[in-house]
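Colleague: Below is a structure I'd like to ask you about.
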Amino acid sequence: MKRIILSSALFAAFAIPSVALATNGYFAHGYGMKAKGMGGASTAMTGDTFGGANNPATMVWAGNRLDVGVDLFSPRRSVSRQGSTGFGGIYDGSVDSDSNYFLIPEFGYNRMLGWNMSAGVTVYGNGGMNTDYNGTLAGGAGAPAFAPSCAGAPSNMLFGCGKLGVDLVQLIVAPTFAYKVNPNHSFGISPLFAYQRFKVDGLQAFDELGFTSSPGNTTNKGYDSSTGWGVRVGWYGKLSDTVSLGAAYSSRMRMSPFDKYKGLFAEAGDFDIPENYNFGIAVKATPKLVIAADIMQINYASVRSVANGVTNSLLVIPPAAPNRLGDTNGSGFKWRDQTVLKLGAEYEYRPNLALRAGYNYGKSPVRGDSMDDVTFNILAPGVVEQHLTLGATWTLASKNEVTVSYMHAFKNSVTGPSVTSLLGVGGTETLTMYQNSLGIAYSMKLK
């Protein structure tokens, strides 16, 4: 059994760095296959070992258990520019991102230490700034002077050369301890250990024209990594036989900088994981039906490399310190804080079959209100808002479980003025995304 647990954990840890998520910003819509089938509602639910990602206090209610699963995730992203006023409109056009399928593993383990204590671990991932635009726009004769030399190759949407894209993934390992203070209330804590991997291609213009504080450390440097830590704490309470509440808080995770990209991200390559917190309620409406609801707050605006406006580094050409790319006030993605509402239902259709459905809404952290909003987010078009989910769990004769879930994120577009207006090109840009995912998990009830 120990060999199975170790193998499952290693599978999750090494597979997650290939994923790409972008549902609630770059957080997943839910963690654990059961939560994913309920729109992500999980703060006051106790049915699996993903408390390290949702609410650590729930782990002491999960029993001796192992959960291993995988999602097939398919985000479809496209960007376009319309109405360019300069250079004959040669930078108008549209392109779709390639790399449309990703496998996303999940892993959780829990062991009871008596009736009122448990120790376990949750392994999960975030990501979502993953794009791969192999198509490019027309360039050549008539191209503006600020476009880099592309040796005859066409320019991309951000006036670099050839392929344009970014890949950011985050792996988080959350060892978890939970304790029941009495038969109805528990508290939990999860130290959070994070690994990030990042690369970007196609931003040559920003380097060649002096927009960066660290020339040569802006683009096309291959993968770089960073590590860091934080903590999540939680409370769970059974107010009655039919009503449960939960709350959890995750601190900002302080990450080491991306040294290869210290000329791109604000604060010399800093890319911390923002603080977030969630509250939830679960109500047993009938003996067979549970209704759950969560509200989650993600404070993207506290991380400069995510929240700074792109015009910070473009209002003056070339900019001066401290407004160059990589400086404290250097350009970011202008992501706003996000409030996410999650609603789910679980129905015991038969003693061995539970059915789930859910809805998840979070207003896009990317808006179209100003010149700061859209252009940089060609790299990271995390604009979906509404998610519909379905799920089911079959309990086998062995008491182990098979769980499936499906998620569809409805197509959403954000349009705003192009920051290239500052460079004499103008026009508007549109980011569009929709998503599907289908997952399966196997859960073992351990002795």
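Colleague: If you scan segment 384-408, which residues turn out to be part of a strand (DSSP E or B) and among the aliphatic types (A, V, I, L, M)?
Modeller: 388, 390, 392, 402, 404, 407
Colleague: Ok, one more. Looking at (1) in contact with a helix residue (DSSP H, G or I) (Cβ under 6 Å, 6 or more places away or on another chain); (2) in a loop (DSSP other than H, G, I, E, B), find the lone condition where residue 364 falls short.
Modeller: The failed condition is (1).
Colleague: Name the one entry in 251, 244, 302, 226 that is in contact with a strand residue (DSSP E or B) (Cβ under 8 Å, 6 or more places away or on another chain) and farther than 30 Å from residue 46 by Cβ. So that I can check it myself, show each step before the final result.
Modeller: Numbers: 251 fails: farther than 30 Å from residue 46 by Cβ; 244 fails: farther than 30 Å from residue 46 by Cβ; 302 fails: in contact with a strand residue (DSSP E or B) (Cβ under 8 Å, 6 or more places away or on another chain).
Step by step, each of 251, 244, 302, 226 is checked, and only 226 is in contact with a strand residue (DSSP E or B) (Cβ under 8 Å, 6 or more places away or on another chain) and farther than 30 Å from residue 46 by Cβ.
Colleague: Let me ask something else. So residue 95 ticks every box in (1) modelled with pLDDT of 95 or more; (2) surrounded by fewer than 24 Cβ atoms within 10 Å (Cβ to Cβ); (3) within 25 Å of the chain's Cα centre (by Cα) but one. Which box is left unticked?
Modeller: Going through the list (1) modelled with pLDDT of 95 or more; (2) surrounded by fewer than 24 Cβ atoms within 10 Å (Cβ to Cβ); (3) within 25 Å of the chain's Cα centre (by Cα), residue 95 breaks only (1).
Colleague: Is one or more of the residues making up segment 318-333 touching a Gly at 6+ places or on another chain (Cβ under 9 Å) and in a strand (DSSP E or B)?
Modeller: Yes: one or more hits.
Colleague: Sticking with this one: Which one of these is without any contact (Cβ under 8 Å) to a residue 40 or more places away in the chain and among the polar types (S, T, N, Q): 176, 242, 227?
Modeller: Within the list 176, 242, 227, the selection yields 227.
Colleague: Can you find, within segment 31-86, the residue that is modelled with the lowest pLDDT among those that are among the charged types (D, E, K, R) and either over 23 Å from the mean Cα position of the chain (by Cα) or in a helix (DSSP H, G or I) (or both)?
Modeller: Restricting to residues being among the charged types (D, E, K, R) and either over 23 Å from the mean Cα position of the chain (by Cα) or in a helix (DSSP H, G or I) (or both), the top hit is 81.
Colleague: Just to confirm my filter: which strands (runs of 3 or more DSSP E) fall fully inside segment 193-286 and include at least 2 residues that are of a type in the set (Val, Ile, Thr) and either modelled with pLDDT of 95 or more or crowded, with 16+ Cβ neighbours inside 10 Å (or both)?
Modeller: 224-238, 276-286
Colleague: Suppose the filter is over 22 Å from the mean Cα position of the chain (by Cα), open to solvent by 20 Å² or more (accessible area, probe 1.4 Å) and β-branched (Val, Ile, Thr); does residue 181 pass it?
Modeller: So residue 181 fits the description; yes.
Colleague: As an exercise: evaluate residue 104 against (1) in a loop (DSSP other than H, G, I, E, B); (2) open to solvent by 10 Å² or more (accessible area, probe 1.4 Å); (3) within 21 Å of residue 409 (Cα to Cα); (4) at pLDDT below 95 and give the number of the one condition it does not meet.
Modeller: With respect to (1) in a loop (DSSP other than H, G, I, E, B); (2) open to solvent by 10 Å² or more (accessible area, probe 1.4 Å); (3) within 21 Å of residue 409 (Cα to Cα); (4) at pLDDT below 95, residue 104 is out only on (1).
Colleague: For segment 289-317, name all the residues that are farther than 21 Å from residue 255 by Cα, touching a Phe, Trp or Tyr at 6+ places or on another chain (Cβ under 6 Å) and not in a strand (DSSP E or B).
Modeller: Residues satisfying the conditions are 310, 313.
Colleague: Any idea which residue in segment 406-430 is farthest from residue 108 (Cα to Cα), counting only those that are buried (at least 21 other Cβ atoms within 10 Å of the Cβ) and at pLDDT 90 or above?
Modeller: 414
Colleague: Tell me, please, whether a residue that is within 24 Å of residue 191 (Cβ to Cβ) and at pLDDT below 95 can be found in segment 306-322.
Modeller: yes
Colleague: Say we look at segment 323-377 and pick out the residues that are buried (at least 22 other Cβ atoms within 10 Å of the Cβ) and β-branched (Val, Ile, Thr); which of these is modelled with the highest pLDDT?
Modeller: Top of the filtered list is 340.
The values are calculated or read from the model by the stated rules, or taken from the named source; none is laboratory data. Being a predicted model, the structure only gives us computed values, none of them experimental. All Cβ positions, even for glycine, are placed from backbone atoms using ideal geometry, and neighbour counts span all protein chains on display. Areas reflect the complete protein model, heavy atoms only, side chains present, ligands, DNA and RNA absent. Shrake-Rupley method; radii C 1.70, N 1.55, O 1.52, S 1.80 Å.
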